[in-house]
1. Tell me which trypsin sites (Lys or Arg not before Pro) from region 1-63 have a DSSP coil assignment and no more than 14 other beta carbons within 10 Å of their own.
2. I want to check the label-to-label distance for T173 and N110. Put each point 7 Å from Cα in the C-beta direction and report it in nm to one decimal.
3. Farthest toward the dipole's positive end in the chain, which of I63, L2, L104, given Cβ charges of +1 (Lys, Arg) and -1 (Asp, Glu) about the Cα centre?
4. Helix-only estimate, please: 222 nm mean residue ellipticity of the chain, summing -39500 (n - 2.57) across DSSP H runs of length 4 or more and dividing by its residues, to the nearest 500.
5. Expected output is a single nm value to one decimal: the length gained when fully extending between M122 and A163, i.e. 0.36 nm times separation in residues minus the C-alpha distance. What is it?
6. With a/c under 1.5 counting as rounded, go ahead and sort the chain into rounded, prolate or oblate using the C-alpha gyration tensor (a ≥ b ≥ c being the square roots of the eigenvalues; past the cut-off, prolate if a/b is larger than b/c, else oblate).
7. If each of V59 and K139 carries a label point 7 Å out from its Cα toward its Cβ, how far apart are those two points in nm?
8. My understanding is that a pair violates if its Cα-Cα distance is over 20 Å; which of K7/K62; K52/K172; K101/K160; K114/K139; K5/K62 do that in this structure?
Amino acid sequence: MLIQKYKDEGYLFNVNLTGEISGNEIYRGDLVLEFGEVTERGDRKPPSVVAKQAVVYAVADKIEMLVAGLYQLSDLEMLAEHYQNDCAEGAQVLVFVHDIKDNLIISLGNLTVKAVPLDDGMIWNEALELLCIEKSDLKGQSAEEKVVTMFDELKAFTLKGEAVSYADALGKTVEVKHSARGPV
């Protein structure tokens, strides 16, 4: 089982959901891209880089859908390094990235990645909005069924954006300015 393998190897962080539907695996939570340092006591610090709020749908130990948020586009290389060998041919990969300003369709290894700019927000909600999935479409579904619905919609979805190589995509990044939050 692929998700169990990731769990055993320590690649799951901030787990929101692990489950199965029709023998297929579902995961929602962060995916570790770079492990934290090991302290003098032998404890491991939290990961230094994650694919945040990931949604994974795996069929027969192959990832069919991977949706996640990245702080910077350069983290995409680590995502591919760790997970592309587990992706099925034609896997649906959608990433929301803070440091791009336009939609991009990126070729990286054997993956075709749909990259969408994201200023702020929850990855799950942003994906639902992008795919035009209404809350009423999900009413009465289990958490696992909702992931399958997202997968079905993502398979039929065409992102409008420039098709580029990973190297060219890195040249299209922008500086991210974080706004202050909280009481003034």
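What follows is calculated from the coordinates using simple rules that are stated; it is not laboratory data. On a predicted model such as this, the values are computed, not experimentally measured, just so you know. Note that we place each Cβ from the backbone using ideal geometry, even for glycine, and neighbour counts take in every protein chain shown.
1. Hits after loop and neighbour filter: R41.
2. Roughly 2.7 nm, to one decimal.
3. Among I63, L2, L104, the one farthest towards the positive end of the dipole of the chain is L104.
4. Values: 6 runs with 46 residues, N = 184.
That comes out to -6500 deg cm²/dmol.
5. Values: separation 41, 0.36 × 41 = 14.76 nm, distance 2.53 nm.
Here the answer is 12.2 nm.
6. rounded
7. 2.9 nm
8. Beyond 20 Å: K52/K172; K114/K139.
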